[in-house]
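Engineer: My structure is below; once you've seen it, I'll send some questions.
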Amino acid sequence: MGEETGMLKRPDGADLAWRRVAGEGPTVVWMGGFRSDMAGTKAQALAQWAQATGRAYVRFDYFGHGESEGDFAEGTITRWREDALAVLDELAPGPVVPVGSSMGGWIACLVAMVRPEPVQGLVLVAPAPDFTEKLMGPEIDAAARRSLEETGVWMRPSDYGAPYPITRNLLEDGDRWSILPGPVPVTAPVRILQGGEDPDVPWRHALELAQAIKGSDVVFQLIEDGDHRLSRPQDLARLIAAVEELVQPPA
């Protein structure tokens, strides 16, 4: 069984690209990371798993990401949260298991907080809640702060390529959606996979989220030699195992 592809029209006219595998059980919904897209290794691995097992699966690109329309520099947590909610409402009716990677872990939590009924469980990979304040904030030196004040944009250096724009609007908007130190009102089962050698999201940051979640069924798995991407074969196997656990009917 292949994947259906399409574009989801948003109120501002920008289309969101999506891909969907028809199948049984709750729909697994991939929520990618900041500046990532639905063609990444983990998202592809889940698509292959869904096709092989007959499970329902949806992946998409946020505004300004991947195949979706929009200028990345105009994106905010508010906008990307709305994108995720639109995908749930339009493409994944019924029970869902959001799988959030990095920023997607923050988005998945925000979604679960306002759509608790359909969320059967959450799988979070190197989740980065509040990253605009708690992870990026300490990097903003005097020169970066001056650039933000004068132009509204800071070109943040990247270990993965050229510098990219961080806007004052993104940073200020992120503050509105802060969920730490909690409590985080998510009661569905949660599985968190976190690399001990992650240079982008310190494992203690992800652990703080695990401890802040109100639900009693929260499992935090530290992969001591794992990096931020967690895309090695053994990491993908752990991801799929966590998803398979949560798509089973509740006891």
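Since every read-out is calculated from the coordinates, none of them should be taken as a lab result. Model, not experiment: these values are computed from the prediction. Reconstructed Cβ throughout: ideal geometry from the backbone, glycine too, with neighbour counts over all protein chains shown.
Engineer: Using a basic spin-label model with each label point 7 Å from the Cα along Cα→Cβ, how many nm lie between residue 153 and residue 44?
Structural biologist: About 3.1 nm, to one decimal.
Engineer: Further question: Kirkwood hydrodynamic radius, the chain, all distinct C-alpha pairs: what's the number in Å?
Structural biologist: Details: mean 1/r = 0.0550 Å⁻¹.
Evaluated over the chain, this radius sits at 18.2 Å.
Engineer: Sticking with this one: For the chain, what proportion of DSSP beta bridges, expressed in % and rounded to the nearest 5, is antiparallel?
Structural biologist: Antiparallel bridges: around 40 percent, rounded to the nearest 5.
Engineer: Net charge around residue 13, counting only other residues with Cβ within less than 15 Å of its Cβ (Lys, Arg = +1; Asp, Glu = -1)?
Structural biologist: -4
Engineer: Send over the semi-axes of the range 164-220's equivalent ellipsoid, whole angstrom and largest first, taken as the square roots of 5 times the C-alpha gyration tensor eigenvalues.
Structural biologist: The three semi-axes for the range 164-220 are 24, 17, 8 Å.
Engineer: Could I ask something else about it? Considering the Cα positions of the range 202-249, please state its Rg to one decimal place and its Dmax as a whole number of Å.
Structural biologist: Expressed in Å, the Cα Rg and Dmax of the range 202-249 come to 12.1, 33.
Engineer: Pop the C-beta distance of residue 140 and residue 204 into the FRET formula with R0 = 25 Å and round what comes out to the nearest 0.05.
Structural biologist: Efficiency for this residue pair is about 0.75.
Engineer: Determine the dipole magnitude for the chain: charges of +1 sit on the beta-carbon of Lys and Arg, -1 on that of Asp and Glu, nothing else is charged, the reference point is the Cα centre, and the result goes in debye to the nearest 20.
Structural biologist: 360
Engineer: Right, next: Can you give the Kirkwood hydrodynamic radius for the range 131-251, in Å, rounded to one decimal and based on Cα pairs? It would help to have the intermediate numbers written out before the result.
Structural biologist: On the way: mean 1/r = 0.0601 Å⁻¹.
About 16.6 Å, per the Kirkwood formula over Cα pairs.
Engineer: Which net charge results for the neighbourhood of residue 130, defined as the other residues with beta-carbon distances under 15 angstrom from its beta-carbon, given Lys and Arg at +1 and Asp and Glu at -1?
Structural biologist: Combined, the nearby Lys, Arg, Asp and Glu give -3.
Engineer: Still on this structure, please answer the following. Pulled fully out, how much extra length does the chain show between residue 74 and residue 5, if you take 0.36 nm times their separation in residues and subtract their Cα-Cα distance?
Structural biologist: Stretched out fully, the residue 74 to residue 5 stretch lengthens by 22.4 nm.
Engineer: Which value in deg cm²/dmol, rounded to the nearest 500, describes the helix-derived mean residue ellipticity at 222 nm for the chain, given -39,500 (n - 2.57) per DSSP H run of n ≥ 4 and division by the residue count?
Structural biologist: Computed ellipticity for the chain at 222 nm equals -10500 deg cm²/dmol.
Engineer: Going by how many other Cβ atoms sit within 10 Å of their own, how do 213, 240 line up, fewest first?
Structural biologist: 240, 213
Engineer: Considering only DSSP states other than H, G, I, E and B, which GluC sites (Glu not before Pro) in the range 148-229 qualify as loop sites with at most 14 other Cβ atoms within 10 Å?
Structural biologist: Passing both the DSSP loop test and the Cβ count: 197, 224.
Engineer: Fewest first, what order do 158, 101, 147 take by the number of other Cβ atoms within 10 Å? All intermediate terms of the calculation are to be shown ahead of the outcome.
Structural biologist: Details: 158 10, 101 29, 147 17.
With the fewest neighbours first, 158, 101, 147 line up as 158, 147, 101.
Engineer: In terms of Cα to Cα distance under 17 Å, which aspartates and glutamates are near enough to residue 9, apart from those fewer than 8 places away along the same chain?
Structural biologist: Reachable aspartates and glutamates: 61, 67, 69, 71, 82, 83, 89, 90.
Engineer: Around residue 184, what is the net charge, scoring Lys/Arg as +1 and Asp/Glu as -1 over all other residues with Cβ under 13 Å from its Cβ?
Structural biologist: -1
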